[in-house]
Structure formats: structure tokens, C-alpha cells
Amino acid sequence: MARTISNALLETKLAECLAIGVGDLTRRDIRLPAIAGKAIAVVGVRRSGKTTFLRQHRAERVEAGEPRDAHLLVSLEDERLVGMTAEDLGWLLEEHTRVIPSLQSGGKRTVYLDEVQLVPGWESLVRRLLDAGGTNVFISGSSAKLLGREVATSLRGRSMDVLVHPFSFREALRHANAEPTGAWRALAPNQRAALDAALRTYLAVGGFPEAQGADRRDRIPLLKGYIDVMLLRDVIERHEVTNPVALRWLQRHLLANPGGMFSISKIYADLKSQGISVAKDTLHAYLDHLADAFMLRIVSMHSASERQRLVNPRKAYPIDPGLIPVYERAGRVHNGRSLETVVLLELERRGYSADWFRAGEYDVDFFAERTGDQPMLIQVSLDTTADTTWEREMRALEVGAAAQPDARAVLITLDSTPPARALPHSVVWRAASHWLLEEDA
């Protein structure tokens, strides 16, 4: 592919990239895979902080003593670079080697290519960089054109994904300069109460960086705008959706019922009753598209039988609890569903796979597994002071623990006050703020 950008403009761009400062960043708790020779694909929902994470990693490596000019962060979303080709980008990277003395003598470097999908043929360039050695490569971009499965296909096993969600509870506290410095158990009662209040705020506001501290009158339109862009660019345009009415109905229904059971057959019947014609296979495809765009996380029933997983209802959770109020029109507060959402997303951050679990007539919110660790049965509850609530939650965990004797049964409640009743011997209790802040809680 021929060059389209002048050397003078590329030299200017390179100088700007090398001059990028550190800035005031909120540190993200995101683990990078320790596998050499792989491109790191930073993926996740729009506006979750992928670009900031690249800047954070660059700053950390420089603070650790690596040469600043050996870390090149190239933002490709630059109107001056419209029409840029892989050959242009390759020339810029070669120029980087030519002008940095340590690289001329064989020093290693790290290249961060942000919005890389804007450069046609970027895949071949990245493969060439990996084959040549000496360059660590990070790529990120719009989830419409840079999803994990597409990166894996494009780079043919030469990449590993790093998933960036909106802020976790701890990261939101850190962003507000309110992160606790000690262990949860060592905190005074008033400090725990402050964390409980902060968690209630987090359940309503969520973790999108731009939503932090925003007034509700501004936050709801902001988040609704995120959803609209995701739906248009990451689903409708990318997949050439031909029935946007059915797609929007499905998306709104699932976001308005977070954590609720659903089946495609039931949704198909509801749409048909409203005169909206759509095939079941199309609805299955639309659901996959919404999950691929990171708008939703889908939870199936735990079973060794794939048929059982497919025929039983599933649950859908938003990628962030802040999205839940966007489609709430009845004035209801969904703190219980929001807390479930937060627990599910934290499990995902920690590398667990999560299903919901059925034991007899009882359902447990999550059955979570991670290679090499004890599985967990997790029941999430706002308040267990009512007798009927306590009996239901405890019975579900007891029956679940009997069916999964190797699993750790955990009750997570929003209130940090321990339950007044004695717990069954097979069940442990954790305050949500404790569990969210400390993985070994």
C-alpha cells in the first residue's frame, strides 16, 4: 500500500508523541499477561478508559527506570492522519528508531497504537514488529472494529486480550481520593459506614470515568449517549442490522430488567404480540452482538450439559451499574440488581467465569470458577433482616452447598453490620464493601 502522509507531518507527529506527558491519572488495577512475544490487545466497552490505561502503563514503565523515549504512544485518531496507511505508520516507527540513540544500539522499546483500526493493514505491520523482535506492542481501539475475537483472527495467535471495564469500586474510591489505606477489618465503625455510603453512590453512579461526580441531570444523558453510540456503531453499523426496531426493543428490555431471567423464546413471543416480526435466530444473533460490544454480560445456568445451558433461561447484566437508571421509567431503585451487577463484574475482573446455579427449587445468584481455585457459590442480598429473606437466602446457599460440596458458600450483603442470626456452618458472610475491596475476603 502506497504512502499517503508526508515525511514532515509524520516527523511532527512523532515529536508530539515523544513529548506526551504523564498527566494526572487514576491508577487502574488491571493485570497484564506475562507472556513474551505477544501483542497486548486492550479491549472493552467504549469510554471505559482504554487510552488512559495505555498512558498509565507507559508512565509506570518510565517510573521503573525505562527510557521515556523508548515508549511511544501513537494516537491515530488525528484528523491530520486521515487516509494513513500501514506503510506510513511503519515509516513513523522506523523514524522513531532512527532518532533515538538507545534504539539504534539494539535497545528494546514499547509501542502503543491507539485507535489502530483506523489504519488499513495494521495487522501485517504488527505481525512484522513481533517477528522482528525488540518491540513490545499494545493496541487498542473502538470496540466496533477491534474486538477480542477479531484481534485473535487478525494476529493468528500472536495476541492476548486485556479487558478494561469502567472503574471498579476501589478504583472509583481512588479517583475520588477516598481509597482506604488499611485492611477493611481494621477500619473503625464510622469508616466502614462511610464506605457503605460510598458504595451506595457507586451503585447509582457506576464506574464510567466521565460520570464520576456528575450531577444526575447530566449523568443520565451522558450514559444514554454512550449506549446510543454503542448500539449504532458497534452493533447496527458493524453487523449491518436490518431490523433495528427489534434490536432496540431487545436492548431496552434487557437493560430495564438487570439480572432478570429471560429467554429468546419469550422475547420472540412478546415482540410478535406487538406486531414486530423477527426470527428467533436473528434475536440470538442480536444478543451475541450486544455482548460482543460489551454492553451486556450474559449469565447462563450452571450445568455440564450444553443443552441444559441453552434451554434454560439466562440472565443479562449491564457492563456498569450506572446504566441501570437510564431505562428506569417507574422511579424504582434497583440497588439489589445493581449490587448483583457489581459482584458479577468484579468476578470477571478477577478472572472468574460465572453462571447462576439451581439446586432443586432454589436459585443461587452465582457459581464462580477460576482455574486452580476453590469455586464459590455467591448469594447477593441488600438486607437479610426480614425472616422470609433470611430463610430464602440461607436455604438456597445450604442446598447449593450440598449439591456443590467443594464450593465455598458466600453471602454478600450491602450493610457492613454482621447478620444478627447465626450462619449455617457451610456459609460465610461478607459485607459488600469488604468483599469488593479485598479479593481474599
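The values are calculated or read from the model by the stated rules, or taken from the named source; none is laboratory data. Not measured: the values here are computed from a predicted model. All Cβ positions, even for glycine, are placed from backbone atoms using ideal geometry, and neighbour counts span all protein chains on display. Keep in mind that these areas ignore ligands, DNA and RNA; they rest on the heavy atoms of the full protein, side chains included. Shrake-Rupley method; radii C 1.70, N 1.55, O 1.52, S 1.80 Å.
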Inset, instruction - Calculate one ³J(HN,Hα) per residue across segment 108-123 by plugging θ = phi - 60° into the Karplus curve 6.51 cos²θ - 1.76 cosθ + 1.60, and present them in order as whole Hz with x for glycine and proline. - result: 7, 9, 10, 10, 10, 10, 8, 6, 5, 5, 6, 10, x, x, 4, 4
Inset, instruction - Mind telling me which of Val380, Val241, Val116 comes out most flexible in a GNM of the chain, alpha-carbon contacts under 10 Å? - result: Val241
Legend entry - Residue-normalised accessible area of the chain, expressed per residue, 1.4 Å probe, Å²: 46 Å²
Legend entry - Accessible surface of Asp288 - all protein chains present, 1.4 Å probe, nearest 10 Å²: 90 Å²
Inset, instruction - Starting from the Cα of Ser426, move 7 Å in the Cα-to-Cβ direction to define the label point; list residues of segment 372-414 whose amide nitrogen is under 15 Å from there. - result: 375-379, 392-411
Inset, instruction - Report the Stokes-Einstein translational diffusion coefficient (µm² s⁻¹, integer) for segment 184-283, Rh taken as the Kirkwood radius over Cα pairs, at 37 °C with viscosity 0.692 mPa s. - result: 197 µm²/s
Inset, instruction - Could you order Met394, Met261, Met160 by accessible surface area, starting with the largest, using a probe radius of 1.4 Å? - result: Met261, Met160, Met394
Inset, instruction - Within 10 Å, count the other beta carbons around each residue, average over each peptide in 353-359, 38-44, and list them highest first. - result: 38-44, 353-359
Legend entry - Bridge type composition, the chain - antiparallel percent by DSSP, nearest 5: 35 percent
Legend entry - Ellipticity estimate at 222 nm from DSSP helix runs (n ≥ 4, -39,500 (n - 2.57)) divided over the chain, nearest 500: -12500 deg cm²/dmol
Inset, instruction - Rank these residues by their accessible area, most exposed first, probe 1.4 Å: Arg98, Arg156. - result: Arg156, Arg98
Legend entry - Charge dipole of the chain about the Cα centre (unit charges at C-beta), most positive-ward option of Ala194, Leu423, Leu10: Leu423
Inset, instruction - For the chain, with all protein chains present and a 1.4 Å probe, just round the carbon and sulfur fraction of the accessible area to a whole percent. - result: 49 percent
Inset, instruction - Between beta-carbons, use under 12 Å as the cut-off and find the net charge around Glu66, counting Lys and Arg +1, Asp and Glu -1. - result: +2
Legend entry - Ranked order, Thr341, Thr385 - accessible area, probe 1.4 Å, largest first: Thr385, Thr341
Inset, instruction - Report, to the nearest 10°, how far helix 244-256 tilts away from the longest principal axis of the Cα atoms in the chain, using its own Cα long axis and a range of 0 to 90°. - result: 60 degrees
Legend entry - segment 39-72-segment 300-315 distance, computed between alpha-carbon centres (Å): 38 Å
Inset, instruction - Rounded to the nearest 10 degrees, what's the angle between the helix 7-18 long axis and the longest principal axis of the chain, both from Cα atoms, 0 to 90? - result: 50 degrees
Inset, instruction - Using only alpha carbon pairs under 8 Å that are at least six residues apart, calculate the relative contact order of the chain and give it in whole percent. - result: 13 percent
Inset, instruction - Take the alpha-carbon centre of segment 227-261, take the same for segment 185-203, and report the distance between them in whole Å. - result: 35 Å
Inset, instruction - Please work out, to two decimal places, the log10 of the ratio I(q)/I(0) at q = 0.10, 0.12, 0.13 Å⁻¹ from a Debye calculation in which every Cα of the chain carries one identical scatterer. - result: -0.80, -1.10, -1.24
Legend entry - Cβ-based net charge around Leu103, under 9 Å, with every Lys or Arg adding one and every Asp or Glu removing one: +2
